[in-house]
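A.B. asks: Mind looking over this structure? Questions follow.
The values are calculated or read from the model by the stated rules, or taken from the named source; none is laboratory data. Since we're looking at a predicted model, the values are computed, not measured. Using ideal geometry, Cβ is built from the backbone for each residue, glycine included, and neighbour counts are taken over all protein chains shown. To get the accessible areas, we keep the full protein, side chains included, count just its heavy atoms, and leave off ligands, DNA and RNA. Shrake-Rupley method; radii C 1.70, N 1.55, O 1.52, S 1.80 Å.
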Amino acid sequence: MQLFYSRDITETTQEFTFSREESKHISKVLRKKEGDKLHITNGIGLQCIGSIIFSSPNKCMIRIEHSAIIPPRDYKLHLVVAPTKMNDRYEWFLEKATEIGIDEITPIICDHSERKVIKVERYERIVQSAMKQSLQYHLPKLNPAIHFSDFIQMDYTGQLFIAHCEKTKKQSLKEVMRPAQDCTILIGPEGDFSTPEITSALSKKYIPVTLGDHRLRTETAAVAAVHSFTFINS
């Protein structure tokens with residue numbers, strides 16, 4: 001099974017034309033032809049099966065034959081992760097986190113951040129591709145980058161955690177995380193969160209946690225956090 005994505009399909013859509021780029025991929029690369037079935041989602045839970053009624057590199061049209069709504073889970077995981085110095089490492093995190101299962105991602109600019117500009121459009125394409133590859137029907141929400149000082153003023157419900165490397169009292173994430181609850185986890189840059197940032201997070205009721213005995217790269221720590229959440233809720 002191969003999953004295609006278009007945010008423009010709705011429950012009432014009867015016929016649909018893919019973009020020129022996607023049409024070329026379907027017709028020329030995958031060699032799909034009239035009568036072939038496609039599985040499609042709009043990234044917000046819609047599951048569609050359609051038949052190709054016209055196929056060319058410039059225009060691929062389908063007729064929707066079946067649709068259903070896949071409900072989201074009752075709880076959400078929000079990872080707030082500082083961009084890495086090497087952009088490909090952050091892209092790896094986005095791909096793997098989406099495959100494992102995540103609901104929302106916020107790039108956060110910290111005092112020790114070496115990368116402060118991100119490529120939102122490229123990140124969105126990576127998340128979309130990972131969603132399709134892992135056959136999921138809910139596209140994670142990718143937020144614009146935000147500075148730590150602005151983010152920490154926002155109010156979030158559920159479990160709140162900050163993973164940092166300072167030699168202070170911390171609990172193991174897997175021991176304090178509770179299943180079936182919303183969860184927000186902060187992961188800092190290569191140089192870690194600054195002491196004022198950690199103090200600020202603690203004042204907002206974020207619980208300091210560790211992800212293990214070893215010091216992890218930012219992207220590794222983020223993927224480990226996603227895996228812990230998925231494991232606890234499985």
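A.B. asks: How much of the accessible area of the range 37-161, probe 1.4 Å, is carbon plus sulfur, in whole percent?
C.D. replies: 50 percent
A.B. asks: Given labels modelled 7 Å from the Cα in the Cβ direction, how far is it in nm from T10 to L30?
C.D. replies: It is 2.4 nm.
A.B. asks: Highest mean first, how do 179-189, 110-120 rank when packing is the count of other Cβ atoms within 10 Å averaged over residues?
C.D. replies: With the highest mean Cβ count within 10 Å placed first, the list reads 179-189, 110-120.
A.B. asks: Related question: Place a +1 charge on the Cβ of each Lys and Arg in the chain and a -1 charge on the Cβ of each Asp and Glu, then give the dipole magnitude about the Cα centre in debye, rounded to the nearest 20.
C.D. replies: Taking the Cα centre of the chain as origin, the dipole is about 460 debye.
A.B. asks: Rounded to the nearest 500, what is the chain's calculated 222 nm mean residue ellipticity when only DSSP H runs of at least 4 contribute -39500 (n - 2.57) each, over all residues?
C.D. replies: Result for the chain: -8000 deg cm²/dmol, rounded to the nearest 500.
A.B. asks: Moving on to the next point. Quick one: net charge around A225, please, counting Lys, Arg +1 and Asp, Glu -1 for every other residue with C-beta under 12 Å from its C-beta.
C.D. replies: Net charge in that neighbourhood comes out at +1.
A.B. asks: On average, how much area does the Cα convex hull of the range 76-168 cover when viewed from any direction, in nm²?
C.D. replies: Taking a quarter of the hull surface, the average projection is 6.7 nm².
A.B. asks: Got the relative contact order for the range 43-143 handy, in percent, Cα pairs under 8 Å and 6 or more residues apart?
C.D. replies: Dividing the mean separation by the residue count of the range 43-143 yields 29 percent.
A.B. asks: Just to confirm, what accessible area per residue do you get for the chain at 1.4 Å probe, in whole Å²?
C.D. replies: 54 Å²
A.B. asks: Going by alpha carbons, how many degrees (0 to 90, nearest 10) lie between the helix axis of 218-232 and the longest principal axis of the chain?
C.D. replies: Orientation of helix 218-232: about 80 degrees from the principal axis.
A.B. asks: Still on this structure, please answer the following. What nm value, rounded to one decimal, do you get for the distance between M1 and K116 when each label is placed 7 Å out toward the C-beta?
C.D. replies: So the two model labels end up 4.6 nm from each other.
A.B. asks: Something else: Of I108, N143, M131, which is farthest towards the positive pole of the range 102-156's charge dipole, taken about the Cα centre with +1 and -1 on the beta-carbons of Lys, Arg and Asp, Glu respectively?
C.D. replies: Of the listed residues, the answer is M131.
A.B. asks: Taking the chain as the reference, fit the longest principal axis to its C-alpha atoms, fit the long axis of helix 87-100 to the helix C-alpha atoms, and give the angle between the two in degrees, 0 to 90, nearest 10.
C.D. replies: Orientation of helix 87-100: about 70 degrees from the principal axis.
A.B. asks: Once the other residues with Cβ under 11 Å from the Cβ of S134 are scored (Lys, Arg +1; Asp, Glu -1), what is the net sum?
C.D. replies: With Lys, Arg at +1 and Asp, Glu at -1, the net is 0.
A.B. asks: What are the ³J(HN,Hα) values, in whole Hz, obtained from phi via the Karplus relation 6.51 cos²θ - 1.76 cosθ + 1.60 with θ = phi - 60°, for each residue of the range 6-18 in sequence order, with x given for Gly and Pro?
C.D. replies: 8, 6, 8, 7, 10, 5, 9, 5, 10, 10, 8, 10, 6
A.B. asks: Under 11 Å from the Cβ of Q14, count the other residues' Cβ atoms, weight Lys and Arg +1, Asp and Glu -1, and hand me the total.
C.D. replies: -2
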